[in-house]
Amino acid sequence: MADEPSAASSAPHDAALDQAGLLHLVGYATTRAAVELKKSFQKHLGPLKLKAVEFSILVLVDTNPEVNQKQLGLALDVSAPNLAVTLDRMVQQGWVRRERSERDRRAQLIKLTPDGQALVTRARKIGQTMENDALKVLTPGERALLMELLHRLAHKRRR
């Protein structure tokens with residue numbers, strides 16, 4: 001009897017797992033979806049040597065010419081020390097520069113360099129279609145609804 005394999009040990013090691021205990025969790029579903037979207041991001045923007053947070057910073061700086069480090073941290077929910085490290089790396093890459101605000105000398109504005117402007121222009125163009133493959137299982141209406149619901153969840157604390 002002790003030599004007989006149990007049902008669990010005789011199952012193939014690469015068999016799909018029963019995920020029923022997790023499928024009711026929104027966090028599990030969004031995490032699984034995020035994994036697929038991160039793969040898409042890496043495939044399309046990875047060659048530009050951009051991380052997702054760097055892409056977000058570049059777009060926010062491009063769209064908001066008077067943005068400071070604190071505003072970026074709040075918008076992206078990134079701690080000040082982590083954001084400082086990321087911005088230091090982006091400065092070293094030659095994508096952004098820090099500049100004292102003329103209106104508030106305590107604030108440092110984040111500005112795009114010419115290289116950063118060229119990079120964000122290229123990245124935004126790629127970004128317009130990079131998720132299409134991952135989201136092709138959704139109709140345009142479903143995609144719009146998904147975006148609306150995710151934005152509502154992400155911004156619930158601001159209401």
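Mind running the shape call on the chain? Use the C-alpha gyration tensor, a ≥ b ≥ c as the square roots of the eigenvalues: rounded below 1.5 for a/c, prolate if a/b tops b/c, oblate otherwise.
Prolate, because a/c is 1.5 or more and a/b exceeds b/c.
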TODO: At 7 Å along the Cα-to-beta-carbon direction for both Gln108 and Ala52, put a label point, then send me their distance in nm to one decimal.
DONE: 2.6
Task: In the stretch 86-142, the trypsin sites (Lys or Arg not before Pro) that fall in loop regions by DSSP, at most 11 other Cβ within 10 Å - done: Arg103, Arg105, Arg106, Lys136
Open item on the list: Rolling a 1.4 angstrom probe over the protein chains, ignoring ligands and nucleic acids, what is the accessible area of Ser101 in square angstrom, nearest 10?
Closed with: 10
Open item on the list: Quick check for you: with a 1.4 Å probe and neighbouring chains kept, what is the accessible area per residue of the stretch 108-159, in Å²?
Closed with: 75
- [ ] Evaluate the distance, in nm, between pseudo-label points positioned 7 Å from the Cα of Leu76 and of Leu149 along their respective Cα→Cβ axes.
- [x] 2.8
Task: Accessible area of Thr121 in the full protein assembly, 1.4 Å probe (Å², nearest 10) - done: 80
- [ ] Heavy atoms only, probe 1.4 Å: what % of the accessible area of the stretch 4-122 goes to carbon and sulfur, would you let me know?
- [x] 57
TODO: If a/c stays under 1.5 just call it rounded; otherwise compare a/b with b/c (prolate if a/b is bigger, oblate if not). Do that for the stretch 66-159, with a ≥ b ≥ c from the square roots of the Cα gyration tensor eigenvalues.
DONE: oblate
Open item on the list: I'd like to know which of Leu112, Thr139, Leu153 lies farthest towards the positive end of the charge dipole of the chain, counting +1 on Cβ of Lys and Arg and -1 on Cβ of Asp and Glu.
Closed with: Leu112
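The values are calculated or read from the model by the stated rules, or taken from the named source; none is laboratory data. The model shown is predicted, which means the values in this text are computed figures rather than measured ones. Backbone-built Cβ (ideal geometry, glycine too); neighbour counts: all protein chains shown. Quick note on the areas: whole protein, heavy atoms, side chains included, nothing else; ligands and nucleic acids left out. Shrake-Rupley method; radii C 1.70, N 1.55, O 1.52, S 1.80 Å.
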